[in-house]
Each structure stands twice: as structure tokens, then as C-alpha cells.
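The values are calculated or read from the model by the stated rules, or taken from the named source; none is laboratory data. What you see is a predicted model, and the numbers here were worked out from it, not measured in a lab. Here Cβ is always computed from backbone atoms with ideal geometry, including for glycine, and neighbour counts include all displayed protein chains. Keep in mind that these areas ignore ligands, DNA and RNA; they rest on the heavy atoms of the full protein, side chains included. Shrake-Rupley method; radii C 1.70, N 1.55, O 1.52, S 1.80 Å.
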Amino acid sequence: MSAVNTANTATGTARIFNFSAGPACLPDDVLNQARADLWNIDASGIGILEHSHRGKVFDRVIDEAEAACRRIGNISDDYAVLFVQGGATLQNAMVPANLLPVGGHADYINTGAWSKKSIKEAKMYGEVHVSASSEDKNFSYIPAQDTFDLCKDAAYCHFTENNTIFGTEFTTLPDAPSPLVSDASSNIYSRPIDVSKYGLIYAGAQKNLGPAGCALVIVRKDLVGKHRENTPTLMRYDVMMEQGSRPNTPNTFAIYLMGKVFEWIEKEGGLKVMGQRNAEKAAVLYDFLDDSSFYTANVAEGSRSNMNVCFRCANHDLEGDFVNQAEAQGLANLKGHRDAGGMRASLYNAVPKEAVEALVGFMKDFASKNG
Ligand SMILES: *Cc1c(COP(=O)(O)O)cnc(C)c1O
């Protein structure tokens, strides 16, 4: 068996199925368009990497990226759409620097390594109230809503909507009295979203949206403008908003590519179609895992992520072989994060269903040889 993704032969070189957690698989159509635009975009005689961030071509690129982002997410004018450098991690500091007043406090829900990083950074700015945690069981579940201890007067409530490392995902939003702040890095635009329920959403681009090094930030405008006095210019949402994400030279290529990915999502049928496809892909793998005694899913039903499916061999000693043999057959990047162990298959928007089917085929084969 060879799991070469033959859909990717436009360039004459075949590609393999990539289950990377991030940077991750991008849509074929987008990559092929980017190849052309690297050389010469809009018949300008200049490639996208070489255009001024203040010129007409890039004006159009960023305007179209924002417009497509707004259309697919149905984002109202009450929200700003920003493209910010520094990935999702810088947002861990930008959120409290801009939203947490001196002497104030914020709710944080701790569902894993990413939440912990957010908490650590926020503590530099003020009081963090950990409202719920799943640390008791190594973050293998999403805590139940009725156990959340949320403050009425918090500046905001931060949560990690999809836990990339442990493979858990919120299926309903926390019912917080304060504005919700979501780290949606690994599930942004993977399903329909009601932006009006959030105060702020941020996502590093390299999971579902594009290349690394840029974060999409969707923020309710009335929350902006209350930053701490010493906040660096590049970390101020009001500056980003007023200067159209261009107070300095932005990551022009990331913005270009995110725009293409937004347009691809739209062309494929939008977030409803993404949600259906992602649910189907994840079900193929979870159903197989639930029927198997050779493999186990790490996460119980109800907390499972449709984006990052984490699993183990019942005999953990076989996992190294599993990953190596899968890789040799064109099923790449299945090793789990060291904190979770075992395997992880990331099934972001651009990962085709055939990839999951090829993976399950390999898993059956591996189980019958080693069972
Ligand atoms: C990948 C990831 C991050 C970190 O993103 P960077 O762009 O590397 O800063 C943060 N949160 C979550 C949930 C992630 O999956």
C-alpha cells in the first residue's frame, strides 16, 4: 500500500498525506495559486513577496482577505478583523495588555498546555482566576459547564476552544457573564461560528488558515482602546485597528495566503460544509478506534476534537513502529505531542477524507500484523 495523494500532481511531484498539528496541510488549489502569484501577481510583473505593503496591489490583497474573512464568518461591523504578527502566543500578552485594567481580574479556563501559557502571561498583568481545570486527568476532557466558577465582574473569560495537544474541543461556549476571549488557533473556521457571542477570537494561522507567524484577531470594537499605558505600539489593538493592521510592515505573504484560504472555504461552500466534512472525517477515525481493542482513543465522547484525534496502541511499545511505518507509507506527522504520548492525527480543513481513509487502512493492516 502506498498512500500518495495523487490529487496533488499539478506540479509533477506527488505529495503525501500530512497529519501535522501545525504548520499544517493547506488546500492544493491555494498552493497552486500561490505558486503563480509568487512569480507575478495580478499581471503586475512582480510577485506577492516583492510588492510594497503600501502599494495598490497589496491594498487589494489585504482588503479582499478581510472581506472574505468577514463573509465566511458573517462578522458584523461591530468587530475589527486584524492580522497581527507574533502568532497566537503574542495574543497571550496582547489580550491582558489591552483588555485587563490595572487592578482587574480575568477568568481563565485551564484545559491544557496552551491554556497554561495564556494564564502564565496574563499573570504578568493582573489577577487570574482559574474558573475550571481538567488537569486532574491530564487534560483528557472538557470540564462540565455547571462546574465553572465564573466571576461576574471579570474583565473577560479566556478559554482554549480546541486543545491541539490533547485533542479536546469545546462543543458549547462557556456561558460567561464577561466577554468571551477564545484561543481558536486550531479550530477557527472548522465549523459554523457565531462571532457575536465572543468579545475576542484569536488564532495562529498555521493550523487552519495559512502560514505561521501571523494571527487572525477578531475583536469587538468597544473592547478596544483601554490598553495599559506602557503597551508597545505593535501590541495595541487600537493602533492595529486604526492603521488597518499596517503600523509597520506586516507579514504580507501570510495575509495574502489567508485571503486565498478564506476564498477557498467560501468556494467549497463555507463553514457549514467545512463543519460537515470535518465531522465526517473525525467520525471515520473515532468510529474505528471505538470498535478496536488494538487502539484506544485518548478522549471520551463529548470532549473529542474534530481537528486533532489523539490515540494510542493498547501496547504503547508499538507506537514508535506505528509512526515510522506510517511515515514510510506516505502518512506523515502522526507522532503525538510529548505531553500526551501516542499518536495524533490532525484533520484540519485542508486534509481530505481520503487521507483519513488511508490512515484507517494502514491502522487495520498494522493491527493485524502486530495483534
Ligand atoms: C499552535 C497553537 C498556539 C501557538 O501558536 P503560535 O503561532 O506558535 O504562537 C496557541 N494556541 C493553540 C490552541 C495552538 O494550537
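Can you give me the number of residues within region 30-51 that are open to solvent by less than 70 Å² (accessible area, probe 1.4 Å) and part of a helix (DSSP H, G or I)?
Residues meeting the conditions: 7.
Before we move on, is PHE19 in contact with a Cys (Cβ under 9 Å, 6 or more places away or on another chain), at pLDDT 95 or above and open to solvent by less than 40 Å² (accessible area, probe 1.4 Å)?
yes
What is the one condition in (1) farther than 21 Å from MET94 by Cα; (2) open to solvent by less than 60 Å² (accessible area, probe 1.4 Å); (3) not in a strand (DSSP E or B) that ALA132 does not satisfy?
Every listed condition holds for ALA132 apart from (3).
If you take the residues in region 135-168 that are without any contact (Cβ under 8 Å) to a residue 60 or more places away in the chain and among the polar types (S, T, N, Q), which one is least open to solvent (accessible area, probe 1.4 Å)?
Applying the filter and picking the extreme gives THR160.
Applying the selection to region 52-77, what residues are within 25 Å of VAL273 (Cα to Cα), in a loop (DSSP other than H, G, I, E, B), open to solvent by 30 Å² or more (accessible area, probe 1.4 Å) and not acidic (Asp, Glu)?
ASN74, SER76
Pick from region 83-100 the residues that are closer than 15 Å to LEU223 by Cβ and not aliphatic (A, V, I, L, M): which of them is nearest to the ligand (Cβ to nearest atom)?
GLN91
I'd like to know if region 247-260 contains one or more residues that are free of Cβ contacts under 8 Å to residues at least 12 places away in the same chain and open to solvent by 60 Å² or more (accessible area, probe 1.4 Å).
No, region 247-260 contains no residue that is free of Cβ contacts under 8 Å to residues at least 12 places away in the same chain and open to solvent by 60 Å² or more (accessible area, probe 1.4 Å).
Restricting the search to region 170-210, which residues are surrounded by 24 or more Cβ atoms within 10 Å (Cβ to Cβ) and in a strand (DSSP E or B)?
If the condition is that a residue be surrounded by 24 or more Cβ atoms within 10 Å (Cβ to Cβ) and in a strand (DSSP E or B), then VAL181, SER182, ASP183, LEU200, ILE201, TYR202, ALA203, GLY204 are the ones that fit.
Within the set of pairs 6+ apart or on separate chains, which have a first residue in region 269-293 that is open to solvent by 10 Å² or more (accessible area, probe 1.4 Å), a second that is of a type in the set (S, T, N, Q), and C-beta atoms under 6 Å apart?
That search, which allows pairs on different chains as well, returns ALA279/ASN306.
Evaluate the following for THR111: is it farther than 20 Å from ALA88 by Cα and either hydroxyl-bearing (Ser, Thr, Tyr) or open to solvent by less than 20 Å² (accessible area, probe 1.4 Å) (or both)?
No; evaluated as a whole, the condition is false for this residue.
Can VAL239 be described as in contact with a Phe, Trp or Tyr (Cβ under 9 Å, 6 or more places away or on another chain) and either at positive phi or modelled with pLDDT of 95 or more (or both)?
In short, no.
Residue check, VAL181 against (1) away from the ligand (no atom under 16 Å from the Cβ); (2) in contact with a Phe, Trp or Tyr (Cβ under 8 Å, 6 or more places away or on another chain), all met but one. Which one?
(1)
Would you mind telling me which numbered condition in (1) away from the ligand (no atom under 16 Å from the Cβ); (2) among the small types (Gly, Ala, Ser); (3) on the phi > 0 side of the Ramachandran plot GLY112 fails?
(1)
Please find, among LYS197, LYS207, LYS221, LYS152, the residue that is charged (D, E, K, R) and modelled with pLDDT under 95.
Being charged (D, E, K, R) and modelled with pLDDT under 95 holds for just one of LYS197, LYS207, LYS221, LYS152, which is LYS152.
Here are the criteria: (1) under 19 Å from GLY210 (Cα atoms); (2) free of Cβ contacts under 8 Å to residues at least 60 places away in the same chain. Tell me which single one THR233 does not satisfy.
(1)
What tally of residues in region 191-247 results from selecting those that are within 14 Å of the ligand (Cβ to nearest atom) and of a type in the set (D, E, K, R)?
1
Output yes when any residue across region 59-82 is within 16 Å of the ligand (Cβ to nearest atom), assigned by TED's automatic domain parsing to the domain that holds VAL181 and not acidic (Asp, Glu), and no when none is.
Yes, some residue in region 59-82 is within 16 Å of the ligand (Cβ to nearest atom), assigned by TED's automatic domain parsing to the domain that holds VAL181 and not acidic (Asp, Glu).
Pairs under 6 Å by beta carbon, first residue among the small types (Gly, Ala, Ser) in region 72-99, partner away from the ligand (no atom under 16 Å from the Cβ), six or more apart or different chains?
GLY73/VAL195; ALA80/VAL219; ALA80/LYS221; ALA80/MET241; ALA97/HIS227; ALA97/ARG228; ALA97/THR231
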